[in-house]
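The values are calculated or read from the model by the stated rules, or taken from the named source; none is laboratory data. Every value quoted in this text rests on a predicted model; they were computed, and no experiment measured them. No Cβ is skipped: glycine too gets one built from the backbone with ideal geometry, and neighbour counts run over all protein chains shown. Side chains included, ligands, DNA and RNA excluded: accessible areas come from the protein's heavy atoms. Shrake-Rupley method; radii C 1.70, N 1.55, O 1.52, S 1.80 Å.
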Amino acid sequence: MTKHIFVTGGVVSSLGKGLNAASIGMLLESRGLKVRLQKFDPYVNIDPGTMSPYEHGEVYVTDDGAETDLDLGHYERFTHSKTNRYCNFTTGSIYYSVITKERKGEYLGKTVQVIPHITNEIIECIQKLAGPDTDVVISEIGGIVGDIENQPFLEAIRQFGQKAGRENVLYIHLTLVPFLGAAEEIKTKPTQHSVGMLRQAGIQPDIIICRTEKHLGAEVKEKLSLFCNVDKNAIIEERDVKPYLYEIPLILVDQGLDTFIIQKLKLKTDGNTLDRWLSILETLKNPNQTTEIAIVGKYIAHQSAYESIYESLIHGGIGNNARVQVRRVESEDVEKNGARAHLEGVSGILVPGGFGVRGVEGKIEAIRYARENKIPFFGICLGMQCAAIEFARNVCSLQGANSTEFDVNTPHPVISLLEEQRMVSGKGGTMRLGAQPCTLRADTKAFRAYGYRDISERHRHRYEFNNHYTEIFESHGMVFSGYTSDEQLVEIMELRDHPWFVCVQFHPEFKSKPTSPHPLFREFIGASLHQ
């Protein structure tokens, strides 16, 4: 039967449960096991789709159109596991499902309660990924032990362990072991309290992963082992890694975490190879060359708002045996100070997605700077739409050109609402979402990057290029190199007389991996290296 690993967190949030779950998945895959991963989030939103990037970070979109937690991006980048709508559940989605069933009378008149109805629903969600083609399901529980909203999830995974049998379930607890500089001491008490609260919930962790700035000596590990009732060799030290997250699996494997998990769950493995991963790290640490890319965005202050973009640029560097340095530029600063003040000297410029009018004029000005100075440019989603506005205004002489998202009265709506969106009133889950087919024109930069005509990419948008302006754009040098299969929507546009100026309506960053860089990011970095 499918084995299950549950990853919980303690002391503080943002310790890296998602990265550790992904790293464990990668290590088990390297042993020949088939792994699936999922995330349970304690917030009451149905999904993160309506949440601000400042509140939540990026919204990761799956092939089947689910708007999910950004940790699913880590799962897909580190492993071969494909995520879908069954890989991310929230308190809101769990309660919504239970209430819907109650309204339909499916509980046969019973009083609906947290136990057993909510916990049973969570257990059903855990089981959705299990099956004959999956050896291990890794389920990450968001938040930390002690949060009031986490209690139903902890009770559910406790019950699951009881029903499935402890030989089929393993609990991993990620916690903080702080170093107090004033006392020059490593403190284990926060971890002891965190594990104590977990044990009060009926869960005894099998493994504790300790995030720490300092090396944990034998004495500290013995103390944690004694007071947390965990084997000493199951106390894993995880010191901060900079600048590359891809070192985390090696930290874990060096301490035998994968071996311990395999022995504990009695898993049958086939081989053990990390050669590809080691070659990636070698490229990152000892590249042949370096390039600097500016990201001009609206949410630069929030690291996780563009998580997949940052990682995809690193992947593009790997594909060129190069290191990518990122210059983060607030688009509002470009509005205030001009593009040259913030972009001079970079070898490439990327404008990512976003919503709302704030900072848009700064993005447009950055795109003009890239176009006029022949700097490789990559526009993604809103970045493509801003490029269309810039081109309409400054090349096609369409004064006042804009998107109807920003100006409903614009005389030249080169970007307008998708026809299918005109009657949509709700916000959550109503955009054009998920994988959509696209056909490429031959003899274009996009076609040369992919190497084939029919592609599929993930989308998240409400607005599109207005086809009424196709002819005037083409007459001034714009090439529409990718369309939907019915040729109704522009998916890719690129400039003919420019070293590399490519804009896409979709989100290629959601399909890039360190082991398989996305072709557009690879080619963008390649072009920047030639600057």
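General remarks:
- The stretch 380-424 - accessible surface per residue (Å², probe 1.4 Å): 40 Å²
- The value of relative contact order for the chain, using C-alpha pairs under 8 Å at least six residues apart, is 15 percent.
- Counting only alpha carbon atoms, the long axis of helix 275-285 and the longest principal axis of the chain meet at about 60°.
- Kirkwood hydrodynamic radius of the stretch 32-101, from inverse mean 1/r over distinct Cα pairs, in Å: 12.7 Å
- Principal-axis tilt of helix 91-103 within the chain, Cα atoms, nearest 10 degrees: 80 degrees
- Take the Cα radius of gyration of the chain and divide it by 2.2 N^0.38 Å, N being the number of residues; the result is 1.03.
- Nearest-ten-degree value, helix 307-318 long axis tilted from longest Cα axis of the chain: 80 degrees
- With the Kirkwood sum run over all distinct C-alpha pairs, the stretch 382-531 has a hydrodynamic radius of 16.1 Å.
- Mean separation of Cα contacts under 8 Å (6+ apart) over length of the stretch 401-518, as relative contact order %: 22 percent
- Pairs beyond 21 Å (Cα-Cα), from 214/264; 128/513; 298/336: 214/264; 128/513
- Calculated from backbone phi, Karplus (6.51, -1.76, 1.60) coupling profile of the stretch 113-129 in Hz, x at Gly/Pro: 10, 4, 10, x, 6, 5, 5, 5, 5, 4, 4, 4, 5, 4, 6, 4, 8
- Distance between the stretch 202-281 and the stretch 441-466 - C-alpha centres, whole angstrom: 41 Å
- Projecting the Cα atoms of 218, 530, 272 onto the dipole axis of the chain, where Lys and Arg carry +1 and Asp and Glu carry -1 at the beta carbon, places 218 farthest toward the positive end.
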